[in-house]
Amino acid sequence: MQVMDPLEEGIKAKAKALGFALVGIAPAADADGFERLRDWLARGFAGEMAYMNRREEARRHPSAILLTVRSVVMVAMNYKPAEVGEVAPLHGRVARYARGADYHDVLRDRLNQLLAWVRGQAPGCEGRGVVDTAPLLERDFARRAGLGWFGKNTMLIDKRLGSYFFLGALLLDLALSPDAPHESSHCGTCTACLDACPTAAFVSPGVLDARRCISYLTIELKGSVPESLREPLGDWVFGCDICQEVCPWNQKAPVGTELAFSRRELETLDLIAVLGYNEDDFHRRFRDTALFRSKRRGLLRNAALVLGNSGNLSAIPALERAALDAEPRIREAASWALSRLRQLQVSERPSEDAFIASPSQKSGY
């Protein structure tokens with residue numbers, strides 16, 4: 001059993017008091033997965049996420065973020081919501097992580113509180129809290145800090161929490177005693193996550209081609225969604241949870257207690273209403289949420305595609321209006337959706353021959 005020094009023990013206790021469900025300490029060193037990252041980027045799997053290439057070398061070592069870093073405190077915050085029921089007609093599903101306040105703001109605030117506490121114990125300490133916008137391979141350091149293992153869907157998994165948690169890091173110039181890394185995997189022969197992906201985005205276990213991932217297509221992709229991948233979007237209007245929903249480790253994971261991550265109005269989106277949003281409406285509704293990342297043009301593009309998948313002919317008037325939008329990506333998506341629904345409309349209309357052949361009509365009664 002590892003004996004913690006008072007400072008390490010205090011950091012972990014304070015992190016738990018701030019709402020972090022997991023906390024561990026890793027030494028600052030080259031990221032274990034840096035070469036895997038370079039190979040992944042070279043294969044083009046990042047798609048349009050050019051920032052990954054621009055800051056590739058910076059991800060080698062956390063000193064690119066804090067020059068004097070000696071330890072990385074990794075934390076995880078549970079965001080799993082209570083399950084929602086059936087998705088209502090003309091609504092789109094939102095990934096669980098985005099059904100509340102923007103996690104960047106929540107975690108960054110808590111990390112800054114943790115840093116302030118550390119500075120109170122170690123005056124003059126230098127540190128920086130980061131939440132996935134800095135060039136740090138968070139999952140590598142989380143595994144090294146003992147927080148979990150990499151699932152076949154690339155997510156970090158903990159036996160108790162599953163994978164519905166956010167990662168944050170506090171970089172410190174203190175030489176803290178590290179935790180034992182998580183060396184084992186507990187996925188066994190299970191391939192549920194790989195088999196469930198509707199776009200076949202996993203090249204192999206642990207390797208994701210982001211260009212085919214629904215989360216990438218609905219959030220990161222700025223242009224038009226490839227036609228072959230539009231129908232597999234199903235009713236996902238922002239992000240996707242499919243590979244996590246089927247993971248056995250998530251079945252009994254506890255519901256998160258952070259109220260900031262749970263807003264009932266964000267569990268699903270009324271797609272007809274979304275298609276009617278102008279820029280002011282979009283900013284007012286989503287500016288403090290993760291959905292803001294898609295921008296109006298992205299979210300309305302997604303809403304149009306999902307309505308095209310819905311088979312619901314009552315969406316036609318809203319799509320007709322969206323087909324006149326000033327944004328070309330919205331117009332194109334709405335036109336595609338209209339084409340699908342109008343084809344369905346024609347196929348459902350009784351033919352003249354069918355009308356004549358109807359026995360009740362032929363009899364005159």
Test: GLY92 is part of a strand (DSSP E or B), closer than 21 Å to PHE292 by Cα, at pLDDT 95 or above and out of contact with any Cys (no Cβ under 9 Å at 6 or more places or on another chain): yes
Verdict on THR68 being out of contact with any Pro (no Cβ under 9 Å at 6 or more places or on another chain) and more than 30 Å from LEU269 (Cα to Cα): yes
Flag if LEU221 is out of contact with any Leu (no Cβ under 9 Å at 6 or more places or on another chain) and closer than 26 Å to VAL237 by Cα: yes
Count of the stretch 122-148 residues which are open to solvent by 60 Å² or more (accessible area, probe 1.4 Å), part of a loop (DSSP other than H, G, I, E, B) and not hydroxyl-bearing (Ser, Thr, Tyr): 4
Pair list, Cβ under 6 Å, 6 or more apart: the stretch 153-167 residue farther than 20 Å from ASP102 by Cβ and buried (at least 22 other Cβ atoms within 10 Å of the Cβ), other residue modelled with pLDDT of 95 or more and among the basic types (Lys, Arg): LEU156/ARG139
Qualifying residue in the stretch 55-63 (condition: in contact with a Cys (Cβ under 8 Å, 6 or more places away or on another chain) and either surrounded by 15 or more Cβ atoms within 10 Å (Cβ to Cβ) or more than 28 Å from ASN302 (Cα to Cα) (or both)): no
Some residue of the stretch 108-121 being open to solvent by 10 Å² or more (accessible area, probe 1.4 Å), among the small types (Gly, Ala, Ser) and more than 22 Å from the chain's Cα centre (by Cα): yes
Any hit, the stretch 169-176, residues being closer than 19 Å to ASP39 by Cα and at pLDDT 95 or above: no
Count of the stretch 95-107 residues which are open to solvent by 10 Å² or more (accessible area, probe 1.4 Å) and either part of a helix (DSSP H, G or I) or farther than 26 Å from ASN302 by Cβ (or both): 6
The stretch 4-31, subset at pLDDT 95 or above and of a type in the set (Asp, Glu), residue least open to solvent (accessible area, probe 1.4 Å): GLU8
Hits in the stretch 73-94 - residues which are touching a residue at least 60 places away in the same chain (Cβ under 8 Å), surrounded by fewer than 23 Cβ atoms within 10 Å (Cβ to Cβ) and over 19 Å from ALA21 (Cβ atoms): VAL84, VAL87, ALA88, PRO89, LEU90, HIS91, ARG93
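The values are calculated or read from the model by the stated rules, or taken from the named source; none is laboratory data. Computed from a predicted structure; not experimentally measured. Glycine also receives a Cβ, built like all others from the backbone with ideal geometry; neighbour counts cover every protein chain displayed. For accessibility, only protein heavy atoms count, side chains too; no ligands or nucleic acids. Shrake-Rupley method; radii C 1.70, N 1.55, O 1.52, S 1.80 Å.
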